[in-house]
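Remarks on the structure that follows.
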Amino acid sequence: MDMDYKSIEQLIERYWRCDTTLEEEKLLRDFFTFEEVPQHLVRYRDLFVYQTIQRDTELDEDFDTRIFEAISNPTVRIKPVLDRKWFVPLLRAVAIVFIVAFIGNVAQDIFQTEHPDYNYESYTDTYDNPEAAYQQVSSALLIVSEGINRSKELLRGDSVESPNLEEVRE
């Protein structure tokens, strides 16, 4: 009988390598249906017994009817495009950012120390005189450049003397 167990063990090894024939697999199923199986082979019993039990299992008579009903009446589930649980906090965050930016801009306009007033009486068109237009643009850009340089120096901590705007404009 020990020799039979050796051949069964070899068949099991060949079974895992997919080298067994149908007859050899039937032999394995028959072997594991016996009550007395050696202890070291008991772990394989459920696999081969299950195959035998499932082979004898038949479908219910109303199986085809249930399948056809399930196929003919498909259940369509529509998933919402935007989940409200995700969308509402996003809208709140956007609203908070908008409010903070708005308040910051208003505060900047209110507390700005220099309010440049535009003098409409002294305004003259320069579209007829390109040299005058060029001089005005140059002086405006020079003033902006000086302001930028002054702010850079203030950020670095250097002392800055305010330039004489009359000298800059000339």
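One table, with the values for the structure above:
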{"read-out": "Near pairs, Cβ below 8 angstrom, 6+ apart or cross-chain, from region 61-89 (of a type in the set (S, T, Y)) to any residue that is modelled with pLDDT of 80 or more and in a helix (DSSP H, G or I)", "value": "none"}
{"read-out": "Output for region 1-43, where each listed residue is loosely packed, with under 11 Cβ neighbours inside 10 Å and hydrophobic (A, V, I, L, M, F, W, C)", "value": "M1, M3, W16, C18, L22, F34, V42"}
{"read-out": "Unmet criterion (only one of (1) of a type in the set (G, A, S); (2) modelled with pLDDT of 70 or more; (3) over 48 Å from the mean Cα position of the chain (by Cα)) for S159", "value": "(2)"}
{"read-out": "Condition check for R84: charged (D, E, K, R) and either surrounded by 10 or more Cβ atoms within 10 Å (Cβ to Cβ) or modelled with pLDDT of 80 or more (or both)", "value": "no"}
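The values are calculated or read from the model by the stated rules, or taken from the named source; none is laboratory data. Quick caveat: nothing in here was measured; it's all calculated off a predicted structure. Don't worry about glycine lacking a Cβ; one is built from the backbone with ideal geometry, like all the others, and counts go over all protein chains shown.
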